[in-house]
Amino acid sequence: MRLSILFSSIFFLPTLAIEVTSGSICSSACGKGKTYGWDIDCWDDQFNTSKPNPNMANCLLCESTSPAYNTSTDNDLYWFTFNMKWTLQYCLIQHPTNSTNANCNDYCTPLSAVLNRAWFLDDGKMVKQYAYCDWGEHLFQKYAPDCASCLAKSEGSVVLANFFNNLVTACETKPNATAGRPINMTEPLFSTKWATTSSTPSANPSPQSSSLSTGAKAGIGVGVAAAGIALIAALGFVCLQKRKNRSRQQLRDSSSTMQPINQPQPPIQPPREMDAGNVKPVPELQSWQPDMKHQHHDTAPPPVELGRHSEERIIAPTELPG
């Protein structure tokens, strides 16, 4: 369902009055009576500060810099953020003829849960200042920038985009209302210069898509790619160094175990002439003579006659066959 027809049945019911701190210098501009839907300004040309008071444009402009403070939930900074939120709630969700912003539905629809949430509690108290920043796990800060960017490119909705930006800035900086600190707005409250910067977006993302802009996604992609390349290069360098160190170690180990092939040879000395005076004569070799002194003088046994046994037995000789 589009935002332009959501909650259209309450258009004719009186809404809360534009809120202002009691005793504030902005009271005359903001008024004190009930405010109807048709009294809410939604289009750029309706925010006219020249109209007589009570005047919504004058009220918001006054509260944006007013230091009026009574309590943490009753001060002009608090009511300034409340009135901008209330305007966005009505113009984007409750306005029955809001067809101009139809092409921003997909960007802004996720914010409906925050915009529709009441700031007035049942016990008569108010939600804490900047409480909307934390609702839905920071839902507002997640989707508001893209919604504002789309509205800024749509005809007649630049002021609403400014409101979103101011509320996001308040979440980021949380100015101290006690000290009278205002919101540091990036653009004048009713500036419409964004209306001519670019055309209305032709394609709408899914409401569940990321809140990151295209430029941010591209930047993240480039950063991740660069980091990946750097990591791969570093790993390659480390591996190469380890490989070189291993090769050097292996070469040193093999060199220490090998014997040198060519040992250095002592220099060859030139021949020297022999000194005849130092040559000793070689003794003459004597011929070898047997030493007769050591010969055995045992008497040889007498010869034995053939055919006779040692026991004086005569054996006749046997004639060998011829």
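What net charge is computed for the residues neighbouring Phe237, neighbours being all others with C-beta under 13 Å from the C-beta of Phe237, Lys and Arg scored +1, Asp and Glu -1?
Result for the local shell: +3.
By the scheme Lys and Arg +1, Asp and Glu -1, what is the net charge of all other residues having a beta-carbon under 13 Å from that of Ala131?
+4
Order by neighbour count: Val158, Val114, Val168, fewest other Cβ atoms within 10 Å first, most last.
On the way: Val158 24, Val114 21, Val168 17.
Placing the least packed residue first, the sequence is Val168, Val114, Val158.
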In what order do His138, His95 fall by count of nearby beta-carbon atoms within 10 Å, going from fewest to most? His138, His95
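Please work out how much length the chain gains when fully extended from Asn184 to Ile229, using 0.36 nm per residue of separation minus the C-alpha to C-alpha distance, in nm with one decimal. Each step should come with its number before you reach the end.
On the way: separation 45, 0.36 × 45 = 16.20 nm, distance 4.05 nm.
Gain on stretching Asn184 to Ile229: 12.1 nm.
Rounded, prolate or oblate for the range 37-179? Axes are the square roots of the Cα gyration tensor eigenvalues, ordered a ≥ b ≥ c, and the cut-off for rounded is a/c under 1.5. Could the numbers behind the result be given before it?
Working: a/c = 1.64, a/b = 1.19, b/c = 1.38.
Since a/c reaches 1.5 but b/c is at least a/b, the shape of the range 37-179 is classed as oblate.
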Neighbour-count order for Glu137, Glu155, Glu19, Glu63, fewest beta carbons within 10 angstrom listed first: Glu137, Glu155, Glu19, Glu63
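Which entries in the list Lys128/Lys174; Lys153/Lys174; Lys85/Lys142; Lys51/Lys174; Lys142/Lys174; Lys32/Lys193 go over 23 Å, if you measure between the two C-alpha atoms of each?
Details: Lys128/Lys174 12 Å; Lys153/Lys174 27 Å; Lys85/Lys142 16 Å; Lys51/Lys174 32 Å; Lys142/Lys174 17 Å; Lys32/Lys193 32 Å.
The answer is Lys153/Lys174; Lys51/Lys174; Lys32/Lys193.
Here, each number is a calculation from the coordinates, and none is a lab measurement. Computed from a predicted structure; not experimentally measured. We place every Cβ from the backbone using ideal geometry, glycine too, and count neighbours over all the protein chains shown.
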